[in-house]
Amino acid sequence: MNRKQTAILNKWLYLFIGIAVLINFSALFIPITGPDGALYALIAKTMVQRNDFVQLFYHGTDWLDKPHFPFWITAISFRILGFTTWAYKLPGILFLMMGAGYTYLFAKSLYNKQIALWSVLILLTAQHIVLSNNDVRAEPYLTGLIIAAVYHLYKAKINNSNWQLLWGCIFTACAIMTKGMFAVVPIGGAIVGQLVITRQWKQLFNIRWLAAIVLILIFILPELWCLYQQFDLHPEKVIYGQTNVSGIKFFFWDSQFGRFFNTGPIKGGGDPFFFVHTALWAFLPWSLLMFAAVFQLIKKGIKYPQGKEWYCISAALLTFLLFSASKFQLPHYLNIVFPFFAIITAQYLYYITTEKTIRGIGITQTVVIVLLLVLISALQYYFRPAVLSLYTIVTLILLFLLLIVLPGVAAQNGFQKIAFRTALVSFIVNIYLNLAFYPSLMQYQATSEAAVWINTHNPKNLPVAELGDDNTAPFEFYINKPLTTVSLGGKGSLPARPFLMYAGADDLKSLESKGWHTQTLKTFQRYWVTRLSPSFINQKTRDQELSTAVVVEVH
């Protein structure tokens, strides 16, 4: 490929990356999903309302689970932008974009500019990356922080730079203060794996790495101090049904190794193949190419270990294997190694030369593209989203036409045409999901819908209460008034009557049978939106999956 062709191809890559960035921002205003996302938003909101950035609270009680860093960032966003959906999601998406930037820098330093651009495009179109920028939790922060830490530590090694080492330690500490000590696994795995496999023993035992450990411990002191203040200084507090709970011990052991060995207060069940089949859908539409790329890298690297970079495969596979051995597994855990998978996949595609391989990849990706288009068509046919604007329809039609025509115009060889078509199908899938499916789905999250309705339909400025259940965090976040939580038995301190109350219709009947006098103001259809079932997705059978929630005035 000559210089002119490379320049033209890069312009197309910039355009595609720009579209991918916009699509990742397209879920910015979709309501926050409960329970987890809304819970994190509520904790950060409480942090701002109490003007307390040291202690984490939920429902007025001490909360010991996740570290502070994402809550600090979200609380700062709330301070500046207010308690809104987009103020919650924006910092996480920006951290993911930072991760995309560092993916580019790392891939460019390891390989070349074009592989770096393909790496960014692959990362930003991987399915679970886009999903996680809608259902924002800790992973977008962690994804950005981990690849940033690896890049700076890599630069510290090759340039013998103390400043790069310092930045690497800062990003590592922030990653630890986002998810705990396991954040060190992909970071340390990348550096140690490269040095061990290439037998750079002198570099491996360089004193800079001891200095890095000391710096990281210094930089996580804010987290340790907060935990000490909230928990270790107060052994009388009851946490997970126990007293004498050390927040620092929980941070270093129970929250991570306790979940890994299933000995901590938060337990799960492990499946050694969980992340294999998770990767198959989470890294779509690139997942089959990624598995092929990993296989080829290991196969060729075994023969010539000194001629390969091992940072990416070491970070990704060590984390992948560790998570697979864990007893506590969730799909979004895998996001943090997607930048490394993206680089591995991009370099594999770039160096393909044989027509046979290109033809095989073309057939494989054509099958993937067709299946994804069929899946989205079936979703539209059965789900019938209530939100589907003319703008969205026109955009989807244009993208489909581009899927057929554009790769032949933009690309010079087979792999580029395949890759552009693969990116385009991701655009189609995620524009449909973020502009039609999810906005329609979230109308069934009655808690957020009811809170927004009350905020605009309470002319008497009545007090607000909720009849508590296990998924009311969205209601508590979105309501703009002080909130009283009432137990299902109707016990607890109640606001002065009359007051408004959100409750499940069936739960409300039990209170009415005890003499409560209520007037129904608004009815909502309710469904736990993170637990999709075929009968809910099918519009014809959806009603049997729905329950009813109400906003009532209690006299």
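Counting other Cβ atoms within 10 Å of each Cβ, which trypsin sites (Lys or Arg not before Pro) in the stretch 165-224 have at most 14 and sit in a DSSP loop? Mind dumping the intermediate values first?
Values: sites: K179, R199, K202, R208; in loops: R199.
Counting only loop positions with at most 14 other Cβ atoms within 10 Å, the trypsin sites (Lys or Arg not before Pro) in the stretch 165-224 are R199.
Tell me the relative contact order for the chain as a rounded percent, counting alpha carbon contacts under 8 Å between residues six or more apart.
Details: 842 pairs, mean separation 85.9, N = 555.
Once normalised by length, the contact order is 15 percent.
At most 13 other Cβ atoms within 10 Å and a DSSP loop assignment: could you name the trypsin sites (Lys or Arg not before Pro) in the stretch 45-137 that fit? Write out the running numbers ahead of the final one.
Values: sites: K45, R50, R79, K89, K108, K113, R137; in loops: R50, R137.
When the trypsin sites (Lys or Arg not before Pro) of the stretch 45-137 are filtered for loop state and at most 13 Cβ neighbours within 10 Å, R50 remain.
So what J values fall out for the stretch 220-237 if you push phi through Karplus, 6.51 cos²θ - 1.76 cosθ + 1.60 with θ = phi - 60°, rounded to Hz, Gly and Pro as x?
Once θ is set to phi - 60°, the couplings for the stretch 220-237 become 8, 4, x, 5, 5, 5, 4, 5, 4, 5, 7, 10, 5, 6, 10, x, 6, 5 Hz.
Can you pull the percent of Cα pairs in the chain with separation above 33 Å?
Values: 72512 of 153735 pairs.
So the portion of pairs separated by more than 33 Å is 47 percent.
Which three extents, in angstrom, do the Cα atoms of the stretch 84-201 have along their principal axes, listed largest first?
50, 33, 24
For the stretch 424-465 and the stretch 204-240, what is the separation of their Cα centres, given in Å?
39
Please list, by residue number, every one of the chymotrypsin sites (Phe, Trp or Tyr not before Pro) in the stretch 1-38 that is coil in DSSP and has at most 15 other beta-carbon atoms within 10 Å.
On the way: sites: W12, Y14, F16, F25, F29; in loops: F29.
Those satisfying the criteria are F29.
Around G168, what is the net charge, scoring Lys/Arg as +1 and Asp/Glu as -1 over all other residues with Cβ under 13 Å from its Cβ?
Counting the neighbours of G168, the net charge comes to +3.
Working only with C-alpha atoms, what are the Rg and Dmax values of the stretch 129-288, expressed in angstrom?
18.2, 53
How high is the FRET efficiency from L488 to V21, r the C-beta distance, R0 45 Å, rounded to 0.05? All intermediate terms of the calculation are to be shown ahead of the outcome.
Working: r = 45 Å, r/R0 = 1.01.
Rounded to the nearest 0.05, the efficiency is 0.50.
Work out the FRET efficiency for V405 and R531 from their Cβ-Cβ distance, taking R0 = 45 Å, and round it to the nearest 0.05. It would help to have the intermediate numbers written out before the result.
Working: r = 40 Å, r/R0 = 0.88.
After rounding to 0.05, the efficiency reads 0.70.
Identify, among W118, W86, W63, the residue whose Cα sits farthest towards the positive end of the charge dipole of the stretch 31-159, taking +1 on the Cβ of Lys and Arg and -1 on the Cβ of Asp and Glu, with the dipole about the Cα centre.
W118
Hey, what's the per residue convex hull volume over the C-alpha atoms of the stretch 1-102, in cubic angstrom?
Details: hull volume 12.7 nm³, N = 102.
For the stretch 1-102, the hull spanned by Cα atoms encloses 124 Å³ per residue.
Give the aspartates and glutamates whose C-alpha is closer than 19 Å to that of K417, dropping any in the same chain fewer than 8 places away, or say none.
Those aspartates and glutamates meeting the cut-off are E355.
Suppose R0 equals 41 Å; then what is the FRET efficiency for Q229 and N160 from their Cβ-Cβ distance, rounded to the nearest 0.05?
Working: r = 39 Å, r/R0 = 0.95.
In this case the efficiency is close to 0.60.
Quick one: if you take sqrt(5λ) for each eigenvalue of the C-alpha gyration tensor of the stretch 453-522, what semi-axes come out, biggest first, whole angstrom? Intermediate results must be reported in sequence, preceding the final value.
On the way: eigenvalues 65, 41, 27 Å².
In descending order, the three semi-axes are 18, 14, 12 Å.
Dipole of the chain (Lys/Arg Cβ +1, Asp/Glu Cβ -1, origin at the Cα centre): which of G99, Q544, A465 lies farthest to the positive side?
Checking the options against the dipole of the chain, the answer is G99.
What does the convex hull of the Cα atoms come to per residue for the stretch 47-142, in Å³? Walk me through the numbers on the way to the answer.
Working: hull volume 11.0 nm³, N = 96.
It comes to 115 Å³ per residue, whole-number rounded.
Would you mind counting up the charge near S246? Only other residues with Cβ under 15 Å from its Cβ, with Lys and Arg at +1 and Asp and Glu at -1. Walk me through the numbers on the way to the answer.
On the way: positive: K237, K249; negative: D62, D65, E223, D232, E236, D254.
Summing Lys/Arg as +1 and Asp/Glu as -1 gives -4.
For the stretch 427-555, max minus min Cα coordinate along each principal axis, in Å, sorted largest first?
51, 28, 22
Fully extended, how many nm does the chain gain between A505 and V394 (0.36 nm per residue separation, minus their Cα-Cα distance)?
Working: separation 111, 0.36 × 111 = 39.96 nm, distance 4.01 nm.
That pair, A505 and V394, stretches by 35.9 nm at full extension.
Any chance you could give the angle, 0 to 90 degrees and rounded to 10, that helix 139-159 forms with the longest Cα principal axis of the chain?
30
Roughly how tilted is helix 162-179, in degrees to the nearest 10 and between 0 and 90, from the longest Cα axis of the chain?
That helix lies at roughly 40 degrees to the long axis.
So, how do all the Cα-to-Cα distances of the stretch 176-242 break down into 5 Å bins, in percent, from 0 on up?
Each 5 Å bin holds this share of Cα pairs: 3, 13, 17, 18, 14, 11, 8, 7, 5, 3, 0.
Please go through the residue pairs K89/K249; K155/K300; K202/K308 and name each one whose alpha carbons sit more than 27 Å apart in this structure. Could you put the intermediate results ahead of the total?
Values: K89/K249 30 Å; K155/K300 25 Å; K202/K308 19 Å.
Over 27 Å Cα-Cα: K89/K249.
Can you list the residues, at least 5 places off or on another chain, whose amide H is less than 5 Å from the amide H of K66, using H built in the peptide plane?
Placed amide hydrogens put nothing under 5 Å from K66.
If you only keep lysine pairs separated by 8 or more in sequence, or across chains, how many in the stretch 454-555 come under 17 Å at the Cα atoms? List each step's numbers first, then the result.
Numbers: K460/K481; K460/K522; K491/K509; K491/K514; K509/K522.
For the stretch 454-555, qualifying lysine pairs total 5.
To test your reading of the geometry: what angle, between 0 and 90 degrees and rounded to tens, separates the Cα axis of helix 446-456 from the longest principal axis of the chain?
Here the helix axis deviates by roughly 60 degrees.
Suppose all protein chains stay in the model; what accessible area per residue would a 1.4 Å probe give for the chain, in Å²?
Values: 23990 Å² over 555 residues.
Solvent-accessible surface per residue comes out at 43 Å².
The values are calculated or read from the model by the stated rules, or taken from the named source; none is laboratory data. No experiment lies behind these values; they were computed from the predicted model shown. FYI the Cβ positions are ideal-geometry reconstructions off the backbone, even for glycines, and counts take in every protein chain you see. Accessible surface areas use protein heavy atoms only, side chains included; no ligands, DNA or RNA. Shrake-Rupley method; radii C 1.70, N 1.55, O 1.52, S 1.80 Å.
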